[in-house]
Structure formats: structure tokens, C-alpha cells
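What follows is one structure encoded as C-alpha cells, with my remarks underneath.
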Amino acid sequence: MTAHRPTHGGLSTQSVHAGSVTPAEGAPVVPPLVQSATYYGGWHDATIDLRYARYGNNPNQEEVATKLAALEGTESAIALGSGMAATAMTLLALTRAGDHVVASRQIYGTTQSFLQQELARRGVAVDFVDPDSARTWRLALKANTRLLFMEVPTNPTLRIHDPRPLVRLAREAGVPLVVDSTFASPVNLRPASLGVDVVIHSATKYLGGHSDVVAGVVCGSTAIIDEVRRMLMLYGPALDPHAAWLLARGLRTLSVRVQRQNESALALARWFKEQSGVKAVIHPGLPEHPDHELAKEILQGYGGMLSVVLEGGSRAANTFCRALQIALYAPSLGGVETLVSQPRFTSQVGLGAKEMEEQGIPEGFVRISVGLEDVPDLERDFGRALQAARADG
Ligand code: PLP
């Protein structure tokens, strides 16, 4: 059986080496893909745990889990078949009928639907709160509250809400604080270092980094991860070994990719500010961003995401998106290619104009996930698209 190496050192060292196979003469440097659903064993007196790909303990799944626990600084982690599998199994693991959950209003739409629809079907009540102030969270707490849930940064408005007051609140209440930190990746934010109990990622985004894998991870204490594993075994949303192998490959370059994306996104945010036809630029690295000071304090990088609001509204946004030649018009984020989307058609679909406005997503709002292309090429591409949008206005 393969041995997975825990390692010490900085984030880049960890992302390359943590979880890889112990070196032995003649052994492959790259952990092999073990495309096997099952493994020898299963005698009633055997001391080893049963291995089965649905249990999340295939060697490739374990490599990913070891890397993530090292990167997030948690006792344990587990890899699952998607970001939603990670979120759903965590919420199911931590709640029972009769419980109550407090969640931020500014979260990924499908997470919100899961909380509202699926937890409700299981007898769990959910209250959504404005995440801006710790007071609203405190007021929402009840005797039967079992967890707090938030996202940092938020999609697509890139707000940074401080988890630290909620860590204190969760401790007082004796419940875990769960943070979806997909948009940050552990390169830019390590929530567990601020006291957060459970960290969730859609590994489909920055962790995989190549838009070719759908995966999720949950990081936390061994006790909580064991409960998540129990849900994985019951509901079955396992990560296929090949997808786990691709994810581990992506993770080895996580740090350089995200650092470059941080730099490019900030450069592009500054560039967009100088362009005509752009009403607003949203990026936590800009001094006018409402959470810039907090971002400076708690983030290691401002992230590879930025949003722009075009002056010509929805029509301008459509023309802009259609005119792009390098950036690709597609949902999702965190890949090597720059992806552009309009939240009104994707994450915020179904919301009316008023609700969108209230959420800070006015007409003309375009979300950009900056990839690894050369910034001058992206500026030329966006410049051409802005020109098309202005000409159409
Ligand atoms: N969390 C966030 C913040 C997301 O943006 C997404 C997907 O876009 C998810 C979770 C769900 O991830 P997946 O698509 O891998 O299930």
C-alpha cells in the first residue's frame, strides 16, 4: 500500500510534496493513478481499514486530502466528487431534524438552495443574515443553532467579511463556523488560522486550476471529517480516482498560479479604472473597495477575481462579452484561462432587477476570473470589447 508523506514547510513546498508517495529506489516520482474501485482485504480480524473508492480512501483521494489538510492547517481533510458534495455532506453531517442553522445571505446560489430546500426537508430551519455585522449573526442565534455558514470572499461582489468575530460567537455558542473559501484558495486565505472550524472548497476552481475536474474538499478536525466521511459513504458522491489524480497534479502548481492571478487581476483592475465606458471596478485590492483595509489585514493576496460594471447596462455587457477573443465567455472560475460571465445568467439567475441591485449587482455587471495569459494581451482583448460595447451604446 502506498504511504502518504506528510511534509513541513511553506505553502509552495506543501502543495508540491504533501501527500506524495514515500521515496523508494525505483519508485515513480509522481504518485501513480490507482484506478481501482476496491482493494484486497476484508477479513474480520484484519487490522487495516477497508479501502473502497466510495469511502474517500483510495490513494489518489488520500493524496489530495493530505495536501489540503497541510495547506489549510487542519487536523484532517477529505476529497469528494464536487464542491456541492463537500457542502452538502458537511451540512448533513453537522445537523439533525430540529436543529437550526445561521447562514450568510451572500453565498453561492446552489448552496443557498441546498440550505433552504434540502435542509428544510430534513427538519432543519435556516435563517439567512446580512454578513456585514456580527450583531446580526448574534441576534439570529437560537438555543438549537448547530452551525454558522459563510463565504469569504463572496461571489460575485468580492466582499470580504471578517470571520474572526464569528469565530468568537461560534465558540461562545459551542457550534462550528463553516467557511466556503473557494474564491480565496489557501494561498490567499487560511481560515483555520483565524479559528474557523471547517473550510470547504469547490476544488473545481483554483485548487484544480485547469477547468478539467469537478471536485470538492472539506478540511477540519478528525471528528468532523469522520462524520463527513460517514455521509460520503451513505450518500455516495465520491471523487473518481482519475479526477483525484488530476486534482493532485493541479495542486502542485497552486501557489504560482494563484500568485500570478493575484498580480494580473490587480493590474487589470487598475487598467479598467482608466477606461471609458466602465462605471465601476470591483476588486479587493483597490483602495475604494469597501473591505480593502480588512482584505489587507487578513488576506495574503487579493485574488484573481474582479468584476466590472459597464455604463451601457445589460446591452453593453452582452456586446462586451460577445466581442472577446482571448477571454472565454463561460461560467466557473479559477482556471488557467480567463473566464468571463454575467451573474444575471449564472449564479444569480432568477433574481429580479431590484434584488440584483440590492445585492450590489446592477445592470451591466460582468465577472472576470483572470487566468494566466499575458496581461497586455488581456488588456488588448478587453480594450477591443469595451470599444465594441461603446459603439453599440
Ligand atoms: N462554492 C462556491 C463559492 C462556488 O462558486 C461553487 C461553484 O461555482 C461551489 C461552491 C460549487 O462547486 P462545484 O461546482 O464544484 O460543485
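Results, tabulated for the structure shown:
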item	result
Residue tally, condition out of contact with any Ser or Thr (no Cβ under 7 Å at 6 or more places or on another chain), over 15 Å from Ala316 (Cβ atoms) and open to solvent by 20 Å² or more (accessible area, probe 1.4 Å), over region 364-393	6
Any chance Ala93 is modelled with pLDDT of 95 or more and either farther than 24 Å from Phe114 by Cα or buried (at least 24 other Cβ atoms within 10 Å of the Cβ) (or both)	no
Cross-chain or 6+ apart pairs with Cβ under 6 Å, region 312-338 first and more than 16 Å from the ligand (Cβ to nearest atom), then open to solvent by less than 10 Å² (accessible area, probe 1.4 Å) and among the hydroxyl-bearing types (Ser, Thr, Tyr)	Ala327/Thr338
Among the candidates Pro237, Pro191, Pro165, Pro176, residue that is open to solvent by less than 20 Å² (accessible area, probe 1.4 Å) and either more than 14 Å from Gly83 (Cα to Cα) or within 11 Å of the ligand (Cβ to nearest atom) (or both)	Pro191
Helices (runs of 4 or more DSSP H) enclosed by region 58-162 - at least 2 residues per element that are out of contact with any helix residue (DSSP H, G or I) (no Cβ under 6 Å at 6 or more places or on another chain) and away from the ligand (no atom under 16 Å from the Cβ)	59-72, 134-140
Of all residues in region 111-154 being among the hydroxyl-bearing types (Ser, Thr, Tyr) and surrounded by 15 or more Cβ atoms within 10 Å (Cβ to Cβ), the one that is nearest to Glu172 (Cα to Cα)	Thr145
Residue list for region 336-363, restricted to those being surrounded by 15 or more Cβ atoms within 10 Å (Cβ to Cβ) and under 19 Å from Thr110 (Cβ atoms)	Leu339, Ser341, Gln342, Pro343, Arg344, Thr346, Ser347, Gln348, Leu351, Met356, Gln359, Ile361
Counted residues, region 198-212 - those being near the ligand (Cβ under 8 Å from one of its atoms) and in contact with a Lys or Arg (Cβ under 9 Å, 6 or more places away or on another chain)	0
Within region 293-312, considering residues that are small (Gly, Ala, Ser) and within 14 Å of Ala269 (Cβ to Cβ), the one surrounded by the fewest Cβ atoms within 10 Å (Cβ to Cβ)	Gly301
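The values are calculated or read from the model by the stated rules, or taken from the named source; none is laboratory data. None of the values given here were measured: they were computed from a predicted structure. All Cβ positions, glycine included, derive from the backbone under ideal geometry; neighbour counts span all protein chains shown. Note: areas computed on protein heavy atoms with side chains; ligands, DNA, RNA excluded. Shrake-Rupley method; radii C 1.70, N 1.55, O 1.52, S 1.80 Å.
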